[in-house]
1. From the residues in the range 157-174 that are among the polar types (S, T, N, Q) and in contact (Cβ under 8 Å) with a residue 24 or more places away in the chain, which one is surrounded by the fewest Cβ atoms within 10 Å (Cβ to Cβ)?
2. Of everything in the range 322-370 that's free of Cβ contacts under 8 Å to residues at least 40 places away in the same chain and part of a loop (DSSP other than H, G, I, E, B), which residue is farthest from SER445 (Cα to Cα)?
3. Taking into account only those residues within the range 5-45 that are among the hydroxyl-bearing types (Ser, Thr, Tyr) and closer than 19 Å to TYR187 by Cα, which is surrounded by the most Cβ atoms within 10 Å (Cβ to Cβ)?
4. Restricting attention to the range 279-321, report how many residues are assigned to a helix (DSSP H, G or I), out of contact with any Gly (no Cβ under 8 Å at 6 or more places or on another chain) and in contact (Cβ under 8 Å) with a residue 12 or more places away in the chain.
5. Looking at HIS195, is it assigned by TED's automatic domain parsing to the domain that holds LEU34, surrounded by 15 or more Cβ atoms within 10 Å (Cβ to Cβ) and at pLDDT 85 or above?
6. Tell me, which residue of the range 175-232 that is among the β-branched types (Val, Ile, Thr) and touching a residue at least 60 places away in the same chain (Cβ under 8 Å) is farthest from CYS23 (Cα to Cα)?
7. ALA154 is checked against (1) more than 23 Å from the chain's Cα centre (by Cα); (2) in contact (Cβ under 8 Å) with a residue 24 or more places away in the chain and fails just one. What number does that condition carry?
8. Test of understanding: among ARG107, ARG125, which residue is assigned by TED's automatic domain parsing to the domain that holds LEU22, of a type in the set (Lys, Arg), in a helix (DSSP H, G or I) and within 23 Å of PRO175 (Cα to Cα)?
Amino acid sequence: MLESMEQLIRDLELIPSGSVVLCAVSGGADSVCLLHALYHLRPRLGFQLAAAHYNHQLRGEESDRDADFVAQFVSLCCGAQRLPDGVLLPPVPLFSGSGDVGSQAKRLGTGVEETARRMRYAFLRHAARESGARLIATAHTADDNGETLLLHLARGSGLRGLTGIPPRRDSLIRPLLTTTRSEVEAYLSYYGLPHREDRTNLDDTYARNRIRHQVSPVLEELYPGFAARTAATAALLREDEAYLSAQAAQISGQAVPSGDSLSIPAALIGEAPPPLAARAVRQLVGRLNGGDQDCSAAHLRSVVRLCREPDPSGEVHLPHGLSARREYQSLLLTRGEEPQVPADTPMALPGETTAGSWLLSCAPSVYGGQPQGPFDFWLSCRLAPSLTLRPRRTGDRLRLPGRVEKTVKKWLIDEKIPRLRRDCLPVLDCGGRTAAVTGLGPDESFLPDPGQPAWHITAVPLAPAGAGTVPTGTPPPPG
């Protein structure tokens with residue numbers, strides 16, 4: 001067992017020479033085996049070792065006895081070690097912590113198992129910083145990997161879910177992942193090592209325990225070596241997944257960040273093979289969500305479909321408060337709030353006025369013949385003595401300078417302004433007539449002649465990027 005464990009560590013470079021490793025120890029058979037094995041391997045692999053135990057306070061005095069057992073085991077079995085060449089390795093230090101998982105779960109309204117996991121790993125990360133460890137070793141075995149694979153298969157999973165437990169994820173390593181539970185038991189028996197039994201592991205109300213006690217033994221009886229072969233299969237699938245993910249990264253890597261948003265040509269997703277398209281979307285979700293790529297297959301399919309369909313507009317709501325929007329040739333993934341529709345608001349002449357997600361500024365000026373833009377334009381003071389900001393309405397019409405008159409709706413479509421943003425662009429209304437539309441520009445009938453007094457109006461978005469940003473197909477505001 002030590003040989004296969006050492007081979008896994010060397011093959012995958014799980015523990016570089018000179019590392020400090022923090023071993024998580026619950027007191028159960030797997031974690032006791034892991035700690036003891038790492039203790040014996042540290043001189044051969046050249047790393048330092050520390051141990052950590054977290055008391056979840058879920059089983060009263062039994063939990064306390066587990067903590068006492070771990071402290072005694074580390075003291076008696078992981079002390080200073082004299083090597084044949086006379087070098088003395090220091091004893092393994094133990095870092096202990098505890099937390100009331102049950103009370104925390106009630107307070108947060110979360111499941112006990114999930115709460116325990118979060119609190120345990122938060123403690124382990126803290127203990128790793130205290131010990132100077134960059135690696136945290138946990139005692140997941142080949143049997144755990146097989147159980148995870150079966151659970152994912154039963155629930156429905158793609159290739160990513162069938163890769164099981166990875167040998168390494170960030171700072172977490174699993175040196176026992178090719179070791180079966182029977183090998184762990186044989187190791188403990190050989191060295192005469194005690195361990196604690198967690199009675200919750202016998203409770204078959206948990207799905208994993210039922211698979212462990214009722215399903216896996218049958219498969220092992222029918223196909224001896226099932227757990228080891230499952231671990232090997234998972235390793236092969238991980239290689240396939242890694243290759244596909246690398247190919248997808250070439251697509252998702254072309255996304256352009258802007259605030260809390262990512263923009264990418266929709267065709268890059270829509271024309272990619274399905275396995276790459278879905279993975280690229282998942283990677284984009286991870287980039288916006290601090291690395292967490294959690295997203296259902298249904299969500300991924302919906303976003304890919306958004307990129308493939310001819311409709312240039314559409315939206316898909318994703319987990320973690322994210323949304324994916326099709327905006328003509330682009331796909332926008334954003335955490336920004338929904339663009340705000342402006343309410344009817346008198347415009348300060350002169351001054352600044354907020355309308356939904358936009359700030360419009362007005363200053364008196366003398367028009368000098370400057371070009372009229374969609375966000376920076378001049379209106380005649382005489383023709384527009386007062387203005388009201390409002391959302392667009394059915395029937396609104398606009399004649400841009402030197403162009404034909406159209407409905408505002410037709411202008412917005414022709415200028416490829418995304419449908420989800422059209423109602424959020426303030427209309428400048430003068431006595432029931434459309435004097436200008438933010439993002440399109442002024443109506444020709446309200447233009448001042450050169451040398452005449454005019455209102456110089458500029459519009460800038462207020463909302464975070466992705467919510468009320470400058471519409472596609474139009475130039476940005478000045479400055």
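1. SER171
2. Across the range 322-370, the extreme among qualifying residues is LEU322.
3. SER31
4. Within the range 279-321, residues that are assigned to a helix (DSSP H, G or I), out of contact with any Gly (no Cβ under 8 Å at 6 or more places or on another chain) and in contact (Cβ under 8 Å) with a residue 12 or more places away in the chain number 17.
5. yes
6. Taking the range 175-232 as the starting set, the residues that turn out to be among the β-branched types (Val, Ile, Thr) are 178-180, 184, 200, 205, 211, 215, 218, 230.
Applying the additional criterion that residues be touching a residue at least 60 places away in the same chain (Cβ under 8 Å) yields 178-179, 184, 200, 211, 215, 230.
Values: THR178: 17, THR179: 16, VAL184: 16, THR200: 22, ILE211: 27, VAL215: 30, THR230: 25 Å.
Ranking the candidates gives VAL215 first.
7. With respect to (1) more than 23 Å from the chain's Cα centre (by Cα); (2) in contact (Cβ under 8 Å) with a residue 24 or more places away in the chain, ALA154 is out only on (2).
8. When all the criteria are applied, what remains is ARG125.
The values are calculated or read from the model by the stated rules, or taken from the named source; none is laboratory data. From a predicted model like this one, the values you see are computed outputs, not experimental measurements. Counting neighbours? That spans all protein chains shown, and the Cβs are built from the backbone with ideal geometry, glycine included.
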